[in-house]
1. Using a Förster distance of 30 Å, how high is the FRET efficiency between Thr32 and Ala115, based on the Cβ-Cβ distance and rounded to 0.05?
2. Find how much the distance from Asn10 to Glu83 grows on full extension, using 0.36 nm per residue of separation minus their present alpha carbon separation; answer in nm with one decimal.
3. For Lys172 and Asp143, compute 0.36 nm times the residue count separating them, minus their Cα-Cα distance, and round to one decimal in nm.
4. Given a 1.4 angstrom probe, I'd like the percentage of the accessible area of segment 96-177 that is carbon and sulfur, rounded to a whole number.
5. Can you grab the distance from the C-alpha centre of segment 88-120 to the C-alpha centre of segment 150-189, Å, no decimals?
6. Quick one: accessible area per residue over the chain, 1.4 Å probe, rounded to a whole number of Å²?
7. In vacuum, with every alpha carbon of the chain counted as one equal point scatterer, what does the Debye formula give for log10 I(q)/I(0) at q = 0.09, 0.13, 0.16 Å⁻¹? Two decimals, please.
8. What is the diffusion coefficient of segment 40-96 in µm²/s, taking the Kirkwood radius over Cα pairs and the Stokes-Einstein relation at 10 °C with a viscosity of 1.306 mPa s?
Amino acid sequence: MLTLSAVAENPLVLTRSVRLLDGSEVAFRPLTHGDADDLAAFLDGLSAASKRLVTFDGYDLAAARELCDAIARYDKLRLVLSEATGRIVGLLELSLDLHPSDIARYRKAGVSLTAADCRFGVTLADDYQGKGVGTQVFPLIADVARRFGKKRIILWGGVLADNPRAIRYYEKQGFRTVGSFTEADGARALDMILDL
């Protein structure tokens with residue numbers, strides 16, 4: 001079974017080349033300490049509409065450095081999609097531990113979460129959205145979760161109920177809705193889960 005420290009020591013263990021539907025290729029690989037500048041450009045380049053749908057602490061170099069500095073220090077595994085130029089075009093996150101609020105919400109919906117569950121979130125650059133990229137890389141995410149001993153994936157913070165494109169994407173991957181909740185800002189979100 002993989003560990004975060006093993007991935008940090010040898011990122012190649014999870015590095016893959018992905019040929020996209022348009023014929024171009026991107027690398028699917030773990031985030032590294034040297035990615036801060038490219039990650040900052042990715043975060044800063046997200047449109048206001050995209051930023052509304054994700055929950056990063058910031059979208060600048062300081063936020064990117066914080067994500068890079070957290071490699072193998074917490075329960076998070078962050079993977080990126082990068083072009084041959086080094087441009088990061090996607091950030092795929094797995095949280096290998098569960099937050100107490102997730103456990104409580106799912107329990108309320110009749111689902112008992114365990115240590116065999118993990119959380120997942122995906123953010124793509126605006127020019128990569130709606131092109132099937134997420135669908136192409138999701139089997140790699142599922143494989144990574146299995147390699148860490150996970151049996152189910154839940155959505156990191158749920159998915160906003162007014163985001164039908166994301167809901168369709170998750171349903172296409174096999175996620176099912178188990179409940180809903182209201183965010184602190186009053187927005188309604190759905191909890192979804194996938195059996196691996």
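The values are calculated or read from the model by the stated rules, or taken from the named source; none is laboratory data. In this text, all values refer to a predicted model and were calculated from it rather than measured experimentally. Positions of Cβ are backbone-derived with ideal geometry, glycine not excepted, and every protein chain shown enters the neighbour counts. Heavy atoms of the whole protein, side chains included, go into the accessibility calculation; ligands, DNA and RNA do not. Shrake-Rupley method; radii C 1.70, N 1.55, O 1.52, S 1.80 Å.
1. 0.65
2. Length gained between Asn10 and Glu83: 24.3 nm.
3. Here the segment from Lys172 to Asp143 would lengthen by 8.8 nm.
4. 53 percent
5. Using only Cα atoms to place each centre, the spacing works out to 11 Å.
6. 49 Å²
7. -0.31, -0.68, -1.08
8. 131 µm²/s
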